Structures are given as structure tokens and as C-alpha cells.
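To start, the structure itself, in C-alpha cells.
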Amino acid sequence: VGLVYMFNLIVGTGALTMPKAFATAGWLVSLVLLMFLGFMSYMTTTFVVEAMAAANAQLRWKRMEKRKDDEDEDSSSGVSDSDVLLHDGYERAETRPILSVQRRGSPNIFEITERVEMGQMASMFFNKVGVNLFYFCIIVYLYGDLAIYAAAVPVSLMQVTCSATGNHSCSVGDGTKYNDTDKCWGPIRRIDAYRLYLAAFTLLLGPFTFFNVQKTKYLQIMTSLMRWIAFILMIILALIRISRGQAEGHPSMAQLSGIRNLFGVCVYSFMCQHSLPSLITPISKKKHVNKLVLLDYILILAFYSLLSFTAIYCFRNDTLMDMYTLNFTNCEIINVAFIRYFLGLFPVFTISTNFPIIAVTLRNNWKTLFHREGGTYPWVVDRIVFPAITLIPPVLVAFCTHDLESLVGITGAYAGNGIQYLIPAFLAYCSRKDTQLVFGSGTVNKHLSPFRHTFWIVFVLIWGFSCFVFVTANIVLSEPKL
């Protein structure tokens, strides 16, 4: 069940922008980069699992030490010397041997039984600067997520409703390139319709940021079900069109100019590291967890390849939309109106259920970052200021641009790079160092990553920093789309 959840978590909104990114970078470059980034993401996933085990061991160790100190205090206060002598042997038998066994590396001390979130791991293994950088990275990533969501819903609504009321009664994917200044309904332009939908989206879902979102289990089940129906429908429809000889796509093998966006989209599409504690901890038998996670990644890689290759061969490169679902609102592709509208409006339903959850997560991260020991926030700051600084920036970004490919690319290439590569590598390095200090150099973490050599950590760090430099240079040297 945990691995099914992980699959659902990874295969999300990023997958819908992947076909366009594949088409602009070329199929061979895209496939090689997708496989490499999938491998890198798997490696850093094993780093996070290892750090979780080390964090569990340290928490368990501290509790045992505290228990031992409490027992020592109890035995030495308010009792006679004879009582101390009588109980001393019992205490040694009960406490000392267990601790000495744990020092030698008992298989139980590294068992992942307690959920330790990434923020808690950062505070355990990083210094103050490292903790602040961690929260900065998480906050930037969540802002990017919210901006993508805030743009994706109005874009889908604009494309579907403007096409339905215009001359092209059922075709947004027929190769016609619309400008933002084109008419939508009467005097209202397409960009005006987009901003009206954005305002409605903000007014309907924005207030959730000011409250706590709980009991979303049935919403999440519904969202997962709709996502699977939509993805399978798109793959089947594209395969039917290709098998009938109606395919129009002639993708190139390699286009280096498209690598920047593809990189960001792929990083964003493999993102799960920040949610691993919630996914891995409830799994009862964790002995083969790394092998099962590898199986998950292989399945996801196959799924992304199938979705993207059917897309780039089915549709011409210039007709692929930023949001792939919108290519299926054309009557020539599917003449069943319900399926056209279901796929066209699919992002509206699924993203709308996730937006409040991510907004509340971001708000809580802001509170944690500015948390004062033993202090509480005034009501205005707690209930108004934090929700406002959570909601306003992504809505402003979505107001200024609805270029989803660039939004996903930049979010993935910067904040996603930090969360997926740099933070897990530093967590693995620092947790190994702390484990050796606390338990001795002979102790072996039972959840130690298969990539246990320090070379892999150095490799991930060099790769992560190189990606920052490459993406920044590419943005500076080329004409940015935003």
C-alpha cells in the first residue's frame, strides 16, 4: 500500500507537462535524461531512508539514556543504602547489557518505527544555517507548486470554455495557436477570461489557507481514481490514433535548447523525497524496502516513457499543449463529448483538491521557520499574516504568467534540485557522521543505502551544484519565456 501511495505521489501534475518537454528536447535526449534523473532520484530516496533510520536510532538512544538517568535518580533519592545495594544488581542487569548490546549495533535500534519528518531530521543533523537553508528550499518549492496549481486550473478552464464558445467549437488541439489577446466571449479576451478564472479560483480555495485542512482521505482516493482514468484514457486514445495511421508527430532526436525545461520537468516529476517519512514509516516489513522502491521507480519510468512517446508521435510538436490533457478536447481525436470535457477539465478537479493541502503545509513551514522557543504568535500574525504571505505570492505569479512549462521547469530546476539532490546527500553524510560519534565506528545502520560509498554523496552534490550553474547560465544566455 505504501508503494502504491508513492507511485500516486510521484505521478502527478508534472507528468502532464512532460510530453511538451519531450517534444522540445528530442526523444533520445529526453529518454536518456529521464532514465538518468530517475536513477539519481532513486539514489537520494535511499539516502533519505538511511537518514530516517539514523534519526530513529538517535531518538531511541536519547530516550534510553534519559530513562537510565531517571532510574539512577530514583534509586539514589529517598532510599536506604541497603535498598540501593539490593537494586543495583537489578538495574545493571536491566539497563547496562541492553545499552551495551545497542552499542554493538543491535538490529532493532535502527528500525524505522517513528515518523521523523525532513525538517526534524534537518534540525537533528544540520547546524542552524543548514536548518534555515532547508526551510528556505522547502518554502520556495511549495511556492512554485502553488503557482503551478494556481495557473493550471484557470488555463484549463480558459482553453475549454473559450474554445467551446468560439468558432472552433470543440478543438483546442487542432494546431490553431491562440494569442492571449484573441477574443473569448464577445469583448472579453482570452487573458481576461484566464484572470477571471484565477480570481474565482483564489476566492473559492484561498480561504482554506486560513484554516486547517483535515479528513481528506476520500478526496485523495477520488483524486487518485480520476488521475488513473485520465492517464490511461490519454495513452489508449493516442495509441488508437497511431494504430490507425493518423499520427502526425515527427519528433527530432535531440534539441539542446529544450534541455533546461526538460530537466526541471523531470526533477519535478520524480519528486517524493519530502514525503518519504509519511510513506515509509507505516510499512510493517522494511527489510526489502529499497528493492521495492526501485521497482516503483522502474514502473514510473516505464509509465512516463509510454505517456510521452505516445504523445510526441501522435501529435505534431507545435500542437502539443503545456497541459497535455488539453490536446484531447479536439473532436477529431475523440468524438465523445463527456470524455473531451473530462480530460479537458481533469486538472481542475485534481489540482483543486491538492491546493489547500499544500497551502496549509507551506503556512506551517513559515511558522516553524520563525518559531520562537516557548513563545506564541499574536492572533493577527498567526491567523492573518502567515496565511496571507502563503497565498498572495503564488497568485501574483500566476497573474503575471500562465506558461506552465516554464513554471514547472524553474520550480524543478531550482527548489526541486535542492530537495531531491542536495538535502538528501547532506542528510546521508551528516547522519553517518553522527551515528559514528554516538554509537561507535563499528555500528552498521541496517537501512544503509546501497550507495554507501562517500563517492556517491560527492557525486550527487557535484551534480546538484552543476545543475544550478547550468540552468542559471541557460536562463541568462537564452531569451527567457517568462
_Rg over Rh of the range 255-383, using C-alpha atoms and the Kirkwood radius, what does it come to?_
1.08
*When every alpha-carbon pair in the range 433-482 is counted, what percent end up more than 16 Å apart?*
62
*In this model, which of Lys62/Lys128; Lys287/Lys433; Lys128/Lys286; Lys66/Lys285 are farther than 26 Å apart at the alpha-carbon?*
Lys128/Lys286; Lys66/Lys285
*Return the carbon/sulfur percentage of the accessible area of the chain, one whole number, probe 1.4 Å, all protein chains in place.*
65
*asked:* Per DSSP helix of 4 or more residues, -39500 (n - 2.57); summed, then divided by the residues of the chain. What does that give at 222 nm, rounded to the nearest 500?
replied: -23000 deg cm²/dmol
*Provide the convex hull volume over Cα atoms per residue for the chain, in Å³.*
163
*Förster-model FRET efficiency, 51 Å R0, Val336 and Lys291, C-beta, rounded to 0.05*: 0.75
*Can you tell me the dipole magnitude for the chain around its Cα centre, using point charges on the Cβ only (Lys, Arg +1; Asp, Glu -1), in Debye to the nearest 20?*
780
*Pair Ile236, Asp180: separation of 7 Å Cα→Cβ label points (nm)*: 3.8
*Cα pair distances of the range 199-310 binned at 10 Å [whole percent]*: 9, 24, 34, 24, 9, 0
_Crossing angle, helix 217-243 versus the chain [Cα axis fit, 0-90 degrees, rounded to tens]_ = 50
*Calculate the length of the line joining the C-alpha centroid of the range 431-482 to that of the range 5-52, in whole Å.*
17
_Probe 1.4 Å, accessible area per residue of the range 266-373, Å²_ = 40
*Cα axis of helix 346-369 to longest principal axis of the chain: angle in degrees, 0 to 90, nearest 10?*
40
*Would you mind getting the accessible area per residue of the range 377-482, heavy atoms of the protein chains only, 1.4 Å probe, in Å²?*
49
_Rounded to whole Å, sorted largest first: equivalent-ellipsoid semi-axes of the range 348-403, Cα gyration tensor_ = 26, 13, 9
*What number in nm² do you get for the range 353-482 if you take the convex hull of its Cα atoms and divide its surface by four?*
12.4
*Take the range 1-66, drop everything but the C-alpha atoms, weight them equally and run the Debye formula without solvent; then report log10 I(q)/I(0) at 0.23 Å⁻¹ to two decimals.*
-1.06
_Charge dipole (the chain, unit charges on Cβ, about Cα centre) - positive-most of Ala359, Val29, Met118_ = Val29
*Nearest 10 degrees, 0 to 90: what angle lies between the long axis of helix 289-314 and the longest principal axis of the chain (Cα atoms)?*
10
*Using a 1.4 Å probe, how large is the accessible area of Ile457, given in Å² and rounded to the nearest 10?*
10
*By how many nm would the segment from Val458 to Ser243 lengthen if fully extended, with 0.36 nm per residue of separation less the alpha-carbon distance?*
72.7 nm
*Dipole of the chain, positive direction: furthest Cα of Thr161, Ile235, Ile139, with charges on the beta-carbon*: Ile235
*Sort largest first and round to whole Å: the equivalent ellipsoid semi-axes of the range 282-334, each the square root of five times a Cα gyration tensor eigenvalue.*
36, 12, 8
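The values are calculated or read from the model by the stated rules, or taken from the named source; none is laboratory data. Treat the numbers as computed from the prediction; the structure is a model and nothing was measured. Reconstructed Cβ throughout: ideal geometry from the backbone, glycine too, with neighbour counts over all protein chains shown. These accessible areas exclude ligands, DNA and RNA; they are computed on the full protein's heavy atoms, side chains included. Shrake-Rupley method; radii C 1.70, N 1.55, O 1.52, S 1.80 Å.
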